[in-house]
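Before any comments, here is the structure.
The values are calculated or read from the model by the stated rules, or taken from the named source; none is laboratory data. None of these values were measured; they are calculated from a predicted model. As a convention, Cβ positions derive from the backbone with ideal geometry for all residues, glycine included, and neighbour counts pool all protein chains shown. Accessible surface is based on the protein model in full, side chains and every heavy atom, while ligands, DNA and RNA are left aside. Shrake-Rupley method; radii C 1.70, N 1.55, O 1.52, S 1.80 Å.
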Amino acid sequence: MPENGTKPRKRLTREESRAQTRATLIAVGRSHFLRYGLGGAVAEKIAEDAGYSRGALYSNFDGKEDLFVAVIHAEQAHHLNVFRALLKEEPSGKKRLKKMRDAIADLMTDHDWIVLRAEFEVGALRSEHIRKSFVEVHRQQLRDGSELVKDLLRSPEVTSRLKPEDFITVIIHLAHGLAVTQRILGPELSQKSTRSLVQSLFDHLISSA
């Protein structure tokens, strides 16, 4: 044991070290994409700010676009975990529905997610690689979102006007489009009003007795 009494750090395995490197690059990449956009972000600068060499980035990702897609996947996984946790911790069908509604309204008016999602859409229009990733993410969103809605609908208190996959499609695209417009208009369409509109849309499509 070292003289100062502290335990020596456990040496990371190769897999753990690689996972740590990827996680750091994704976190720093996220901040760069938010600040500079996909087009303005520079792979070498991301690597430098993350404390790694250019080679470290390219040994973990095919390039800037691949890193951006990894950021999107990390965001999606985080959001899904939040939604699942909300449903798991609340037994009441009515309260679960309200928590889900509020969480969706929070997400759809979250500045970071609005910007990243908009960058993802623009990137998909310009890059075939990103377009394919967008299609994959969209399909996964529909699968995951449909399962969450089906979980909600297991309660006899909850009814929906749409099939689960159609509900998720409407919420994702209409709510996001509204949120993007709000960010552009600013005070003309407040974030509070946008959040309320998303909640109203949710309540119109799915409700509790």
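Would you check which residues across segment 102-119 are outside any helix (DSSP H, G or I) and surrounded by 21 or more Cβ atoms within 10 Å (Cβ to Cβ) and list them? Scanning segment 102-119 gives a single hit, Thr109. Of all residues in segment 29-46, none are among the small types (Gly, Ala, Ser), open to solvent by 10 Å² or more (accessible area, probe 1.4 Å) and in contact (Cβ under 8 Å) with a residue 60 or more places away in the chain.
Restricted to segment 123-209, the set of helices (runs of 4 or more DSSP H) holding at least 3 residues that are among the acidic types (Asp, Glu) comprises 128-153. Within segment 182-209, being surrounded by 13 or more Cβ atoms within 10 Å (Cβ to Cβ), of a type in the set (Val, Ile, Thr) and either touching a Cys at 6+ places or on another chain (Cβ under 8 Å) or within 21 Å of Phe120 (Cβ to Cβ) (or both) holds for Thr194, Val198.
Of all residues in segment 80-91, which are touching a residue at least 60 places away in the same chain (Cβ under 8 Å) and open to solvent by 40 Å² or more (accessible area, probe 1.4 Å)? Hit for segment 80-91 is Arg84, nothing else.
For residues that are within 15 Å of Phe202 (Cα to Cα) and either without any contact (Cβ under 8 Å) to a residue 60 or more places away in the chain or open to solvent by 40 Å² or more (accessible area, probe 1.4 Å) (or both), tally how many sit in segment 120-149. Full working, then the answer.
So in segment 120-149, the residues within 15 Å of Phe202 (Cα to Cα) come out as 145-146, 148-149.
Pick out the ones that are also either without any contact (Cβ under 8 Å) to a residue 60 or more places away in the chain or open to solvent by 40 Å² or more (accessible area, probe 1.4 Å) (or both) and you get 145-146, 149.
Within segment 120-149, residues that are within 15 Å of Phe202 (Cα to Cα) and either without any contact (Cβ under 8 Å) to a residue 60 or more places away in the chain or open to solvent by 40 Å² or more (accessible area, probe 1.4 Å) (or both) number 3.
Looking across segment 79-120, the residues that are out of contact with any His (no Cβ under 9 Å at 6 or more places or on another chain) and over 23 Å from Ser155 (Cα atoms) come down to Asp106, Thr109, Asp110, His111, Asp112, Val115, Leu116, Glu119, Phe120. The condition (being part of a helix (DSSP H, G or I) and either within 21 Å of the chain's Cα centre (by Cα) or more than 25 Å from Ile130 (Cα to Cα) (or both)) is satisfied by just one residue among Leu57, Leu67: Leu67.
Within segment 150-165, being closer than 19 Å to Ala85 by Cα, open to solvent by 70 Å² or more (accessible area, probe 1.4 Å) and touching a Gly at 6+ places or on another chain (Cβ under 9 Å) holds for one residue alone: Arg154. Quick one: is Gly51 more than 21 Å from His129 (Cα to Cα) and more than 15 Å from the chain's Cα centre (by Cα)? Spelling it out, Gly51 is indeed more than 21 Å from His129 (Cα to Cα) and more than 15 Å from the chain's Cα centre (by Cα). Answer yes or no as to whether Tyr58 is surrounded by fewer than 15 Cβ atoms within 10 Å (Cβ to Cβ) and aromatic (Phe, Trp, Tyr). So Tyr58 does not fit the description; no.
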